[in-house]
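Colleague: Below are the structure tokens for one structure; questions will follow.
The values are calculated or read from the model by the stated rules, or taken from the named source; none is laboratory data. As the structure is a computational prediction, the values presented were derived from the model and not from experiment. Because the Cβ atoms are built from the backbone with ideal geometry, glycine has one as well, and the counts that use them run over all protein chains shown. When the accessible area is computed, the model is the full protein with side chains, heavy atoms only, and any ligands, DNA or RNA have been set aside. Shrake-Rupley method; radii C 1.70, N 1.55, O 1.52, S 1.80 Å.
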Amino acid sequence: MSFKYEINDRFKNIKEFLLNIKEFFEENSNTIHKARNELKVIEYKGIKTVVKGFKIPNIINQVVYAYFRDSKAKKSYENAVRLRNLGLNTPEPIGYIEFYKSFLFKESFFIAKKYEYDFTIREPLRNKQLKNREEIIKKFVEFTFNLHENSVYHKDFSAGNTLVSINDNNYEFSVVDINRMEFKTVDLNTGLDNFAKLWLDEDDIILIATTYANLANADKNEAIKLLKISDRKLKEFVEFKRKIRGKK
């Protein structure tokens, strides 16, 4: 089995951790998320890391990722480096590694330094009783607007993919799950559409759209209308898929 990898210069001293990540990953039981892919917290030489193991793709994508397209692990690493070079917050990337067998792409892993946080943005969006809830959401909109101003469009901007850290009543945000990301000019419509996957209620649509419009020097009523359209389209699409699958 062959492999390709890249490691952040700041973490060259733990290169052996990256090169042997399959063994470390298999032996570690500290899973923090498991769905299509799996995330584990692994400490090595005093450094707490989050390792994302991407599942082996189907045979067609094994060819695609071997010869035609960058892997999700590589894109995660490169996007993290690019974000941090822009001064935008995402957990510090350590490296990525890809494994190949018989000239086909197999497993891949992305490693980042563990980011300590208090909750994801899902908490203030769902918990109406949370202290300083409205302020946190407004600061989150500012963070998102700053991403857009830097031509960053996160294509999987769901409620679990923005981490929130509280420090002396200051709020810091960090974006994760960044392999699906575009770097392009983000206009008002596209920027507001980015919030649709948060699964918002009426009040939060108004709060987010109004805050974003103020930052963008745009008409707040137009912004509210645009976000309502995006929100409705997504919810109708999800409901359609549920009906197709026979789910309530």
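Colleague: Within the bounds of the range 220-234, is there any residue that is hydrophobic (A, V, I, L, M, F, W, C) and free of Cβ contacts under 8 Å to residues at least 24 places away in the same chain?
Modeller: Checked the range 220-234: at least one residue is hydrophobic (A, V, I, L, M, F, W, C) and free of Cβ contacts under 8 Å to residues at least 24 places away in the same chain.
Colleague: Right, next: In the range 150-176, how many residues are in contact (Cβ under 8 Å) with a residue 60 or more places away in the chain and of a type in the set (D, E, K, R)?
Modeller: Going through the range 150-176 one residue at a time, the tally reaches 1.
Colleague: So Phe25 clears everything in (1) surrounded by fewer than 20 Cβ atoms within 10 Å (Cβ to Cβ); (2) at negative phi; (3) modelled with pLDDT of 95 or more; (4) not in a helix (DSSP H, G or I) except one condition, right? Which one?
Modeller: (4)
Colleague: Please give the number of the condition Lys12 fails out of (1) part of a strand (DSSP E or B); (2) among the basic types (Lys, Arg); (3) free of Cβ contacts under 8 Å to residues at least 60 places away in the same chain.
Modeller: Failed condition: (1).
Colleague: Within the range 217-232, can you find the residues that are open to solvent by 70 Å² or more (accessible area, probe 1.4 Å) and under 13 Å from Trp199 (Cβ atoms)?
Modeller: Arg232
Colleague: Say we look at the range 78-108 and pick out the residues that are open to solvent by 10 Å² or more (accessible area, probe 1.4 Å) and aromatic (Phe, Trp, Tyr); which of these is nearest to the chain's Cα centre (by Cα)?
Modeller: Tyr96
Colleague: Does Leu130 satisfy the condition of being touching a Pro at 6+ places or on another chain (Cβ under 6 Å) and more than 19 Å from Ile32 (Cβ to Cβ)?
Modeller: In short, yes.
Colleague: Please determine whether any residue of the range 161-179 is at pLDDT 95 or above, surrounded by fewer than 18 Cβ atoms within 10 Å (Cβ to Cβ) and under 30 Å from Phe24 (Cα atoms).
Modeller: Yes, because at least one residue in the range 161-179 is at pLDDT 95 or above, surrounded by fewer than 18 Cβ atoms within 10 Å (Cβ to Cβ) and under 30 Å from Phe24 (Cα atoms).
Colleague: Considering (1) open to solvent by less than 30 Å² (accessible area, probe 1.4 Å); (2) within 19 Å of the chain's Cα centre (by Cα); (3) at pLDDT below 95, say which one Lys34 fails and leave the rest.
Modeller: (1)
Colleague: Test Val186 against the stated conditions and say whether it is over 28 Å from His33 (Cα atoms) and of a type in the set (Val, Ile, Thr).
Modeller: Yes, satisfied.
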